[in-house]
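What follows is one structure encoded as structure tokens, with my remarks underneath.
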Amino acid sequence: MLPLERHIREMIAAEGPIRMDRYMGLCLGHPEHGYYMQGDPFGAEGDFITAPEVSQAFGELIGIWCVAAWQAMGVPDSFSLVELGPGRGTLMSDLLRAAGKAAPGFFRAAQVNFVETSPALRTCQAKAVGTGVSWHDALATVPHGPMILVANEFFDAIPIRQFEKRDGRWHERVIGLRDDRLVLGLVEADIGSEGRDGDIIEFAPERNAIAGAIGERLAAAPGAALIIDYGHLDSAPGDTLQAIRAHGFVSILDGPGRADLTSHVDFEALSREMAKAGATVYPGLTQRAFLLAMGLEQRMAMLAARADPAMQAILERQTSRLAGADQMGNLFKVVSATSPGLATPYPFGRR
């Protein structure tokens, strides 16, 4: 039995069933046995591949977007360039390279701040980006002031709660024990929400709190935020919780700490929390629409012009992976928020 599973079983035996968000938090972030504390889960040798690992063009285009945001902010001499959940540091490395070429002043002004709790991933990030990086366990310790924030596949890993309606009443999904096995269970809960029998709704209080904190910072000082993740632009019921290991789906109860637990991001809820805190939030886009508007096809054509036929085929596959309607292009969504009164960074329009 895995050490984390033993720990969870003992916890349930002593305290009773635990909520889903607590289970997810332990599986992903337990200081010793949590999924993100044990090594590098990214890439072909890991459990999943993120967009920055697909192609350098992804980070480069985000770098150009960040330059546009910096210019809209009035080109401050110093600002915090923040990434939440920076993975291996690949996105930031590509972002800085492209932004530095487009606007050398951006590179000199940017103070890179990573919000990352995994010691193993911090090591990867240091190798990718080099010196001059500050690490934080939470956004709260990032210095206040002008800020550009990027979050790619960060919010999907924030723990959620799940509620299911049965026999006209809402129940919360919990993890319990039966015959010495971890099992899903239900406990009655009054959440004051409409719904039909069989509906499942997901609520992410920690995710909403982070979005609110981003909004507060944007309301207090010039800045912009770009959030990219898989999910839905409009709130809707549904069970989106999943566990991924070795690029395949497994049960969320199978080997706690050995699989990535994620859920689809509710961008309507994130946008609402940022707006409530004072930020200006723009209508969301699909990743496909965002990348094509930012010039993905033109950038890939430039790379292909200097490539041999084999590399050209790879670039074509990468473009399809990032922006294909049946791949990441429509599954992933993009939302931006800025300080009130700041010019809208292309390609977003004012709500």
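The values are calculated or read from the model by the stated rules, or taken from the named source; none is laboratory data. Everything numeric here is computed off the predicted structure, so don't read it as measured data. Note that each Cβ is placed from the backbone with ideal geometry, even for glycine, and that neighbours are counted across all protein chains shown.
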- Glu202 charged (D, E, K, R) and touching a strand residue (DSSP E or B) at 6+ places or on another chain (Cβ under 6 Å): yes
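How many of the residues making up the range 100-115 are more than 14 Å from the chain's Cα centre (by Cα) and either polar (S, T, N, Q) or within 25 Å of Ala138 (Cβ to Cβ) (or both)?
Initially, the range 100-115 is screened for residues more than 14 Å from the chain's Cα centre (by Cα), giving 100-113.
Pick out the ones that are also either polar (S, T, N, Q) or within 25 Å of Ala138 (Cβ to Cβ) (or both) and you get 109-113.
Going through the range 100-115 one residue at a time, the tally reaches 5.
Sort through Gly74, Gly63, Gly25 and tell me the only one that's small (Gly, Ala, Ser), touching a residue at least 40 places away in the same chain (Cβ under 8 Å) and surrounded by 17 or more Cβ atoms within 10 Å (Cβ to Cβ). Walk me through it before giving the result.
Values: Gly74 fails: surrounded by 17 or more Cβ atoms within 10 Å (Cβ to Cβ); Gly63 fails: touching a residue at least 40 places away in the same chain (Cβ under 8 Å).
Testing whether each residue is small (Gly, Ala, Ser), touching a residue at least 40 places away in the same chain (Cβ under 8 Å) and surrounded by 17 or more Cβ atoms within 10 Å (Cβ to Cβ) leaves just Gly25.
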Residue pairs within 8 Å by beta carbon, gap of at least six or interchain, first lying in the range 307-334 and free of Cβ contacts under 8 Å to residues at least 60 places away in the same chain, second surrounded by 19 or more Cβ atoms within 10 Å (Cβ to Cβ) and among the basic types (Lys, Arg), listed first then second, are Ala323/Arg288; Gly324/Arg288; Ala325/Arg288; Gly329/Arg288; Asn330/Arg288
Listed by first then second residue, the pairs whose first member lies in the range 217-229 and is within 27 Å of Thr50 (Cα to Cα), whose partner is of a type in the set (D, E, K, R) and outside any helix (DSSP H, G or I), with beta carbons under 6 Å and at least 6 positions apart or on separate chains, are Asp229/Glu153
Worksheet item: What do you reckon, is Ile244 farther than 20 Å from Val174 by Cβ and in contact with an Asp or Glu (Cβ under 7 Å, 6 or more places away or on another chain)?
Response: yes
Only unsatisfied item for Leu253, checking (1) out of contact with any strand residue (DSSP E or B) (no Cβ under 7 Å at 6 or more places or on another chain); (2) in contact (Cβ under 8 Å) with a residue 60 or more places away in the chain; (3) assigned to a loop (DSSP other than H, G, I, E, B), is (1)
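Any residue that is more than 30 Å from Gly29 (Cβ to Cβ) and surrounded by 17 or more Cβ atoms within 10 Å (Cβ to Cβ) - is there at least one of those in the range 225-237?
no
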Sole miss for Asp94 among (1) in contact with a Gly (Cβ under 9 Å, 6 or more places away or on another chain); (2) within 19 Å of Arg19 (Cβ to Cβ); (3) charged (D, E, K, R) is condition (2)
Scanning the range 109-118 for residues that are of a type in the set (S, T, N, Q) and in a strand (DSSP E or B), the one farthest from Glu216 (Cα to Cα) turns out to be Gln111
The residue from Ala246, Ala189, Ala269 that alone is out of contact with any Cys (no Cβ under 6 Å at 6 or more places or on another chain), at pLDDT 95 or above and not basic (Lys, Arg) is Ala269
Query - Residue match in the range 222-243 (condition: part of a loop (DSSP other than H, G, I, E, B) and of a type in the set (Asp, Glu)) - result: yes
Scanning the range 304-351 for residues that are of a type in the set (Lys, Arg) and under 22 Å from the mean Cα position of the chain (by Cα), the one farthest from Ile210 (Cα to Cα) turns out to be Arg321
Among helices (runs of 4 or more DSSP H) completely within the range 1-108, the ones holding 2 or more residues that are farther than 24 Å from Ile175 by Cα and either modelled with pLDDT under 90 or among the basic types (Lys, Arg) (or both) are 90-102
Every listed condition ((1) out of contact with any Lys or Arg (no Cβ under 6 Å at 6 or more places or on another chain); (2) modelled with pLDDT under 95) holds for Ala259 save (1)
Per the filter on the range 64-78, residues closer than 25 Å to Ile158 by Cβ and of a type outside the set (A, V, I, L, M) are Trp65, Cys66
Next item on the list: Say whether the condition of being at pLDDT 95 or above, of a type in the set (Gly, Ala, Ser), surrounded by fewer than 21 Cβ atoms within 10 Å (Cβ to Cβ) and touching a strand residue (DSSP E or B) at 6+ places or on another chain (Cβ under 7 Å) is met by at least one residue in the range 110-118.
Entry: no
